[in-house]
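Below is one structure; the comments refer to it alone.
The values are calculated or read from the model by the stated rules, or taken from the named source; none is laboratory data. Only a predicted model underlies this, so the values are computations on that prediction, with no experimental measurement involved. No Cβ is skipped: glycine too gets one built from the backbone with ideal geometry, and neighbour counts run over all protein chains shown.
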Amino acid sequence: MTDKTMTPEDVVSRLRSGMTLGIGGWGSRRKPMALVRALLRSDITDLTVISYGGPDVGLLAAAGRIRTLVAAFATLDSIPLEPHFRAARQRGAFELREIDEAMFMWGLQAAANRLPFLPVRSGLGSDVMRVNPGLKTVTSPYADGETFVAVPALRMDAALVHLHRADRLGNGQYLGPDPYFDDLFCEAADSAYVSCERLVDDFATAAPQTLLVARHAVTGVVEAPNGAHFTSCVPDYGRDEPFQKLYATTPWAEFAERFLSGDEKAYQSAVESWHEEQQ
């Protein structure tokens, strides 16, 4: 079996400008932030990003890397609207395709199952149809004749997700309260990269229901301790609320200069120094 371990830089070297990139997690929870920061250190741009949006979207939008965003929301959870996303959207920096949470999930399901679309009731009678004029409806071929929204598959060139544990073969485990559809992101993409808090030798004693991602859907694995920071990665750590507030209230150029001008080790060190200054 193949050892799929990589560095963040290895992952980014396999990405290209113009790709459709899925990013797992949910809002400001268990986002693959170390991989997003590595992406920011590259010159990759013109991305179509598919995400239950959080600071991943905010960082990429502020840096001008997004051409099109497909999202149900962009939030920091404890801060309702992601401020750097909002600023970029208000200046018309990218196209937004906004669908509701259920439609997003079914789009992932369709892509994971290699279907062109799935029929759903979500969206009918709502402004989702108005703001997405490209969405189409289908009629049931059976006696009920019911009309559904035909949610298109959210296919991706690549996906990035962050899990609590993984092995070198690409199997991934979550230990928190929610899988956040990370398995669907991996299944819906042509290639998928999993960062994790810790690599383990095997999952022989793991509860089967926690084994979220299977190796057949994973291209590469990155050990990235604290790699979801500043989002939460419960039970390993919670959201860094003071730092998130700093991120949300600091002009982008100032934040990027202090925290994003070096590699991941430099980022973690800068965060530690900032916390020491607050004491």
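Out of the range 98-154, which residues are outside any loop (DSSP other than H, G, I, E, B) and free of Cβ contacts under 8 Å to residues at least 12 places away in the same chain?
If the condition is that a residue be outside any loop (DSSP other than H, G, I, E, B) and free of Cβ contacts under 8 Å to residues at least 12 places away in the same chain, then D127, R130, T139 are the ones that fit.
If A166 satisfies all but one of (1) in contact with a helix residue (DSSP H, G or I) (Cβ under 7 Å, 6 or more places away or on another chain); (2) over 30 Å from P133 (Cβ atoms); (3) crowded, with 23+ Cβ neighbours inside 10 Å, what's the number of the condition it fails?
In the conditions (1) in contact with a helix residue (DSSP H, G or I) (Cβ under 7 Å, 6 or more places away or on another chain); (2) over 30 Å from P133 (Cβ atoms); (3) crowded, with 23+ Cβ neighbours inside 10 Å, A166 misses (1) alone.
May I ask you to verify whether I79 is of a type in the set (V, I, T), assigned by TED's automatic domain parsing to the domain that holds A248, closer than 30 Å to E223 by Cα and surrounded by fewer than 19 Cβ atoms within 10 Å (Cβ to Cβ)?
yes
Looking for something within 18 Å of the chain's Cα centre (by Cα) and not acidic (D, E) - is there at least one such residue anywhere in the range 196-204?
Looking for residues that are within 18 Å of the chain's Cα centre (by Cα) and not acidic (D, E), one finds at least one in the range 196-204, hence yes.
Just one of D157, D182 is buried (at least 23 other Cβ atoms within 10 Å of the Cβ) and of a type outside the set (K, R); which is it? Give the derivation first.
On the way: D157 fails: buried (at least 23 other Cβ atoms within 10 Å of the Cβ).
Exactly one residue qualifies, and that residue is D182.
Answer with yes or no whether A158 is part of a loop (DSSP other than H, G, I, E, B), closer than 19 Å to V57 by Cβ and either assigned by TED's automatic domain parsing to the domain that holds R239 or out of contact with any strand residue (DSSP E or B) (no Cβ under 9 Å at 6 or more places or on another chain) (or both). Can you show your working first?
Details: part of a loop (DSSP other than H, G, I, E, B): no; closer than 19 Å to V57 by Cβ: yes; either assigned by TED's automatic domain parsing to the domain that holds R239 or out of contact with any strand residue (DSSP E or B) (no Cβ under 9 Å at 6 or more places or on another chain) (or both): yes.
For A158, the condition - part of a loop (DSSP other than H, G, I, E, B), closer than 19 Å to V57 by Cβ and either assigned by TED's automatic domain parsing to the domain that holds R239 or out of contact with any strand residue (DSSP E or B) (no Cβ under 9 Å at 6 or more places or on another chain) (or both) - is not met.
Of the residues A93, A63, A87, only one is under 18 Å from the mean Cα position of the chain (by Cα) and either at pLDDT 95 or above or assigned by TED's automatic domain parsing to the domain that holds L39 (or both); which?
A63
For the condition closer than 23 Å to D10 by Cβ, surrounded by 14 or more Cβ atoms within 10 Å (Cβ to Cβ), out of contact with any strand residue (DSSP E or B) (no Cβ under 8 Å at 6 or more places or on another chain) and of a type outside the set (A, V, I, L, M, F, W, C), what is the one hit in Y267, Y247, Y193, Y237?
Within the list Y267, Y247, Y193, Y237, the selection yields Y267.
Testing Q279 on (1) under 28 Å from P83 (Cβ atoms); (2) part of a loop (DSSP other than H, G, I, E, B); (3) assigned by TED's automatic domain parsing to the domain that holds V49; (4) out of contact with any Phe, Trp or Tyr (no Cβ under 6 Å at 6 or more places or on another chain), one condition comes back false. Which one is that?
(3)
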